[in-house]
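These notes concern the structure reproduced below.
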Amino acid sequence: MPDHAEPPQTSPPGTAERRASRRPVKAVLFDFHGTLAQVEDPQRWVLEAAAACGVTLDRVRATSLADRLLTAGRAGGPLPARVPPRLAELWADRDLYQHAHRGAYTGLAETVDAGIDGFADALYERLLIAEGWHPYADTAPTLTALRDAGVPVAVVSNIGFDLRPHFDAWGLTDLVGAFVLSYEVGRCKPDPAIFWRACGMLGVDPEQTLMVGDTPADAGAVAAGCSVLVLPAAEPGRENGLGTVLDLALPA
C-alpha cells in the first residue's frame, strides 16, 4: 500500500483526516502483465499456435502440451522449473534484449517435443499480438478515469517486445502518456532507475507518483521514492481491483 508522508492518523478509515495524511498522487505507473492484462488461457495458446502451423490438435493433446510447456516456462506464466545451461545467458538477459527474450522462450518451448514444425516460434508469436492477451475488465475504465481527471499514466514493464501495438488494438493508447519498457531503457524492475525514467517522462516527482503492480519487483519503486500498490493478479476477463487506484489517486 502507498507510504504515508507523515504518520497515519488515528481516525477511522475513510475519514477526511485519513485522506489528508496520504501523499498526493500526481501520476500513476502501471505494470503490464498481471496488472493491466493477462495472457490467454494455456490451452487456447497451444491450439492457436498449432493451427498457425497447419496442425489441428484435439483438446486432450492440447491440454497435455500446455501442462508441459508451462512447466518448461512460458512468457507471462510460471517461471521455468529448470533453465538448460545453453539458455542461461539468454534467460538472464531476456528483459534487456529482444533477441534474448525470443531466444529464451522459444528455447524453453523447444525442450517439449510436440512434433510440430515451427511450433516454438508460433507459440512466441502469440505474445506479440493483442489476441494473445486479455486486458482486465477494469483496465479501460480505470485508465479513462485517470485521463479524465488529468492524472498522467505510464506503463512500466520488464519485457522484451513492444507493447504499443497491443494498446493500439485495444483502443487504449491515448490513455497512456509513456511506455517504459525494460528492453528499450536498459533497466529492469526493481532497479530504481526504471521508475525514475518513467517519472521523468511524465514530468512528475517520484514522491507524487503511485506504482501499481503485482510482484516484489514492482514494489521496488519504493526505493525510487514512489508509493506502491501491489494487487494480486486476477484471472483473465475479470476485474483486477484497479478501482483501488482511483480511490488513492483521485480527490474524494
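Which of rounded, prolate or oblate describes segment 187-252 when judged by the alpha-carbon gyration tensor and an a/c cut-off of 1.5? Let's see the in-between values first.
On the way: a/c = 2.26, a/b = 1.33, b/c = 1.69.
Taking the square roots of the gyration eigenvalues as a ≥ b ≥ c, segment 187-252 is oblate.
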Worksheet, complete the sentence: Simple SL model, points at 7 angstrom along Cα→Cβ for VAL60 and ALA193; separation in nm is 5.3 nm
Worksheet item: Accessible area per residue, 1.4 Å probe, Å², for segment 108-219: what's the number?
Response: 39 Å²
Worksheet item: So what's Rg/Rh here for segment 113-203, counting alpha carbon atoms and using the Kirkwood radius for Rh?
Response: 1.06
Item to complete: May I ask you to compute the full-extension gain from GLN98 to ARG238, defined as 0.36 nm times their residue separation minus their alpha-carbon distance, rounded to one decimal in nm?
Response: 47.4 nm
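How large is the helix-only mean residue ellipticity at 222 nm for the chain, computed as the sum of -39500 (n - 2.57) over DSSP H runs with n ≥ 4, divided by its residue count, in deg cm²/dmol to the nearest 500?
On the way: 12 runs with 98 residues, N = 252.
Calculated mean residue ellipticity at 222 nm is -10500 deg cm²/dmol.
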Worksheet item: What is the pair-distance distribution P(r) of segment 42-131, computed from all Cα-Cα distances in 5 Å bins starting at 0, with each bin given as a whole percent?
Response: 3, 15, 27, 26, 17, 9, 2, 0
Discussion item. Using 0.36 nm times the number of residues separating ALA223 and ASP174, minus their current alpha carbon distance, what extension gain do you get?
Written reply: 14.7 nm
Worksheet entry | Acute angle (nearest 10 degrees) that the helix 139-148 long axis makes with the longest principal axis of the chain, alpha-carbon atoms | 40 degrees
Response to the item:
GNM of the chain, Cα pairs under 10 angstrom: of ASP214, ASP58, ASP168, the biggest fluctuation goes to ASP58
Discussion item. Multiplying the sequence separation of LEU79 and LEU246 by 0.36 nm and subtracting their Cα-Cα distance, what value in nm do you get?
Written reply: 57.0 nm
Discussion item. Not counting ligands, DNA or RNA, and with a 1.4 Å probe, what is CYS188's accessible surface area in Å² rounded to the nearest 10?
Written reply: 40 Å²
Worksheet entry | Pairwise label distance in nanometres, ASP205 with GLU125, each label 7 Å out on the Cα-Cβ vector | 5.0 nm
Discussion item. Tell me the carbon and sulfur percent of the accessible area for the chain, rounded to whole percent, probe radius 1.4 Å.
Written reply: 52 percent
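Calculate the translational D of the chain in whole µm² s⁻¹ from Stokes-Einstein, where the hydrodynamic radius comes from the Kirkwood formula applied to all Cα pairs, the temperature is 4 °C and the viscosity 1.567 mPa s.
Details: Rh = 19.2 Å.
The Stokes-Einstein estimate is 67 µm²/s.
The values are calculated or read from the model by the stated rules, or taken from the named source; none is laboratory data. Here the structure is a predicted model, which means the values were calculated and not measured. A quick note on method: Cβ atoms are made from the backbone with ideal geometry, for glycine too, and the neighbour counts reach across all protein chains shown. Calculation scope for accessible area: heavy atoms of the full protein, side chains included, ligands and nucleic acids excluded. Shrake-Rupley method; radii C 1.70, N 1.55, O 1.52, S 1.80 Å.
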